[in-house]
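A.B. asks: Here's a structure for you.
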Amino acid sequence: MSPFSSLTFGQRLLELPPVFYRHIQSQPLSEPYLVAGNARLCETLGVTSSELSQPAGLALLSGNQFVPGVPALAALYAGHQFGVYVPQLGDGRALSLGDTVDTAGRRWEWQLKGAGLTPFSRMGDGRAVLRSTIREYLCSEAMHGLGIPTTRALAMTGSPDPVYRERPETAAVLTRLAESFIRFGSFEVFYHRGQHDEIRLLADFVIRHHFPHCADEEQPYAALFADIVARTAQLIAHWQAVGFCHGVMNTDNMSILGLTLDYGPFGFMDGFNAAHVCNHSDHAGRYAYNQQPQVGLWNLHCLASAFLPLVDEDTLLALLSGYREQYHQHWLSLMRAKLGLAESTDDDEALIEALLLAMHAHHTDYTLFFRRLADFEIAADNHALRDLFVDRSLFDEWAARYAARLQLEARSVAERKLAMLAVNPKFILRNYLAEQAIQAAQQGDFALIASLHDCLSHPFDEQPQYQAFAGEPPAWAQEISVSCSS
Ligand code: AMP
Ligand code: MG
């Protein structure tokens, strides 16, 4: 019997041979309680959200009881971590519960994160703490609201059981959903072990379920790789345009579907800093904001190696060489949209670069600036924007160029404004907001999680009731330190 009356669980990973996963037994947490449930995602799935907190739902979402007859599996993968190949990683604290079909006919894999030890846990405890689970829950739904491809969050459960990080904290389990959680590292592990048959099996599985159109191509595996390159380029262009830093772009955290995956020490930038490093453990700044596009390519090179048994090297190199231009075109079109430019001119990129340089110099709040830019007036002093710069003349200089450029636009001012408000979010998950939700939750109050989730699901809408989430961060926001410890 399924814990949710309307859902039938399957386990598609079983189509792959046992070398791809390990079976996991349930490791119950005591006194589980629901911290948050995603009513909108429930609707998509065809689940009544009240079922999440009923005993069968809660038992599943906390990992205390798996779906009868459906094996829970932890997947094997490897990956390059901070540039170094680690031969075996795998789901150390995640497991797949199985998959279900939603009301639109799409199949979702369900994972629990923090449900206990697996054979891949290495030195870890298989658990997650409430703090990091809240961050992943809120950020995945914020990204979805922004229209950026991501794994989704269905529910979060907590337990008084202690989990030790720098200090004792309490356990939590995230239920996250995606079309697939297969990573670049899922391919890499078999390449480095010389198990080329398994690479082919995995590629066939991925094509069958996620890239079926590739099967009709002359070279299906090359077509698959081309699609992964394209999706990665698009994803990272989205991150850059919205000011998001992932924090740990190791190849084991890179989704072959181009989803934002494995939220750890991520961060949306407050003041713009091109070299921003959100992960305090990343001392060399390998995954700094301005490195992300390049790291995407580096990671694709790792994946390309794993594709060598399937696709000839020249083809792979040619596909990799297209990444930069694809990334650049996506980025440019996203940035043009942010500036409200419907036409294209050769000088647009220089105009965007000049703006980013000025914002970098002044640590101008990235989200506030672009939101306010919708109100830019050609023959005015635009003080709401101007005030975001310490040196007002730098803004004035740029504003004069921007005003001249806007004269070339055919759209009406009202149309431009509407278009800009639809792409420049009013709300992002600022670190300090997540921190406030965490502190309240640690005292047993989950109301802020629910409000933030609701607000961030519609980040482009005015939502005056959430005005308090839209301002500049308080001074203490700069002191927040986020690292891999979660
Ligand atoms: P990450 O970079 O945080 O996505 O994780 C890298 C690897 O460490 C993955 O194999 C994770 O499953 C594993 N890992 C992270 N935290 C834990 C933990 N608390 N217990 C077991 N494995 C973990
Ligand atoms: Mg990971």
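Read-outs: derived from the displayed coordinates by stated rules, not from any lab. All values derive from a computational prediction rather than experimental measurement. Here the Cβ positions follow ideal geometry from the backbone for every residue, glycine too, while neighbour counts run over all protein chains shown.
A.B. asks: Treat every Asp and Glu Cβ in the chain as -1 and every Lys and Arg Cβ as +1, leave all other atoms uncharged, and give the resulting dipole magnitude about the Cα centre to the nearest 20 debye.
C.D. replies: 880 debye
A.B. asks: While we're looking at this one, here's another question. Suppose the chain between residue 23 and residue 195 were pulled fully straight at 0.36 nm per residue; how much longer would it get relative to their current alpha carbon spacing?
C.D. replies: Values: separation 172, 0.36 × 172 = 61.92 nm, distance 2.12 nm.
The residue 23-residue 195 span can extend by a further 59.8 nm.
A.B. asks: Now, a different point. How many nm is it between the label spots at residue 88 and residue 216, if each spot is 7 Å from the Cα in line with the beta carbon?
C.D. replies: Rounded to a tenth, the inter-label distance reads 4.2 nm.
A.B. asks: Would you mind calculating the relative contact order of the chain from Cα pairs under 8 angstrom and at least 6 residues apart, reporting the percent as a whole number?
C.D. replies: Working: 902 pairs, mean separation 70.7, N = 486.
Rounded, it is 15 percent for the chain.
A.B. asks: Another question about this same structure. Taking the Cα centre as origin and putting +1 on Lys and Arg beta-carbons and -1 on Asp and Glu beta-carbons, what dipole magnitude results for segment 344-408, to the nearest 20 debye?
C.D. replies: Dipole of segment 344-408, to the nearest 20 debye: 180 debye.
A.B. asks: How much FRET efficiency would the formula 1/(1 + (r/R0)^6) give for residue 442 and residue 478, where r is the Cβ-Cβ distance and R0 is 22 Å, rounded to 0.05?
C.D. replies: The pair residue 442/residue 478 has a calculated efficiency of 0.55.
A.B. asks: Compute the angle between helix 220-242 and the longest alpha-carbon principal axis of the chain, please, reported from 0 to 90 degrees and rounded to the nearest 10.
C.D. replies: Here the helix axis deviates by roughly 50 degrees.
A.B. asks: Then there's this: Could you tell me which residue out of 308, 379, 7 lies farthest along the dipole of the chain toward its positive end? Charges go on the beta carbon: Lys and Arg +1, Asp and Glu -1, centred on the Cα centre.
C.D. replies: Highest projection toward the positive end goes to 7.
A.B. asks: May I pose another question? Would you mind checking which residues have amide H under 5 Å from residue 154's amide H? H placed 1.01 Å from N; only 5 or more apart, or other chain.
C.D. replies: 175, 176, 177
A.B. asks: Given the options 215, 90, 147, identify the residue whose Cα lies farthest towards the positive end of the charge dipole of the chain (+1 on Cβ of Lys, Arg; -1 on Cβ of Asp, Glu).
C.D. replies: Projecting each Cα onto the dipole axis, the largest value belongs to 90.
A.B. asks: May I pose another question? Any idea how far apart residue 467 and residue 280 come out in nm if each label point goes 7 Å out from Cα toward Cβ?
C.D. replies: 3.4 nm
A.B. asks: Further, regarding this structure: Quick one: if the Förster radius is 30 Å, what FRET efficiency do residue 350 and residue 305 give, using the C-beta to C-beta distance and rounding to 0.05? Intermediate values should be presented prior to the final figure.
C.D. replies: Working: r = 37 Å, r/R0 = 1.23.
Taking R0 as 30 Å, the efficiency between residue 350 and residue 305 is 0.25.
A.B. asks: How would you rank 173, 101, going from fewest to most other Cβ atoms within 10 Å of each one's own Cβ?
C.D. replies: 101, 173
A.B. asks: Now for a different question. So which GluC sites (Glu not before Pro) in segment 386-473 end up in coil per DSSP with only 16 or fewer other C-beta atoms within 10 Å?
C.D. replies: Within segment 386-473, the qualifying GluC sites (Glu not before Pro) (loop, at most 16 other Cβ atoms within 10 Å) are 409, 462.
A.B. asks: Whole number please: convex hull volume per residue of the Cα set in segment 2-153, in Å³?
C.D. replies: So the per-residue hull volume is 133 Å³.
A.B. asks: For residue 12 and residue 408, what is the calculated FRET efficiency with R₀ set at 41 Å and r taken between the beta-carbons, to the nearest 0.05?
C.D. replies: 0.20
A.B. asks: Relative contact order for segment 108-200: what is it in percent, counting Cα pairs under 8 Å that are at least 6 residues apart? Please report the intermediate quantities before stating the final value.
C.D. replies: Details: 137 pairs, mean separation 29.6, N = 93.
RCO, segment 108-200: 32 percent.
A.B. asks: Along the charge dipole of segment 305-387, Cβ charges K/R +1 and D/E -1, which of 344, 354, 368 sits furthest on the positive end?
C.D. replies: 368
A.B. asks: Could you work out the relative contact order of segment 344-408, using alpha carbon pairs under 8 angstrom and six or more residues apart, expressed as a whole percent?
C.D. replies: This gives 37 percent for segment 344-408.
A.B. asks: Can you tell me how much longer the chain between residue 422 and residue 121 gets when fully stretched, taken as 0.36 nm per residue apart minus their C-alpha distance, in nm with one decimal?
C.D. replies: 104.1 nm
A.B. asks: Shifting gears a bit: What lysines sit close enough to residue 426 to cross-link, taking a C-alpha to C-alpha distance under 16 Å and skipping anything fewer than 8 places away on the same chain?
C.D. replies: By straight Cα distance, residue 426 reaches 338, 417.
A.B. asks: Between segment 445-486 and segment 32-71, what's the alpha-carbon centroid distance in Å?
C.D. replies: 25 Å
A.B. asks: Quick check: residue separation of residue 450 and residue 328 times 0.36 nm, minus the Cα distance between them. What number comes out in nm?
C.D. replies: On the way: separation 122, 0.36 × 122 = 43.92 nm, distance 3.65 nm.
Computed gain between residue 450 and residue 328 is 40.3 nm.
A.B. asks: Turning to a different aspect of this structure: Does segment 388-485 come out rounded, prolate or oblate by the C-alpha gyration tensor, with a ≥ b ≥ c the root eigenvalues, rounded set by a/c under 1.5 and, if not, prolate when a/b is larger than b/c and oblate if not?
C.D. replies: Oblate, because a/c is 1.5 or more while a/b does not exceed b/c.
A.B. asks: 5 Å is the cut-off here: which amide hydrogens, built 1.01 Å from N in the peptide plane, fall below it relative to residue 94, excluding neighbours closer than 5 in sequence?
C.D. replies: Result for residue 94 returns 114.
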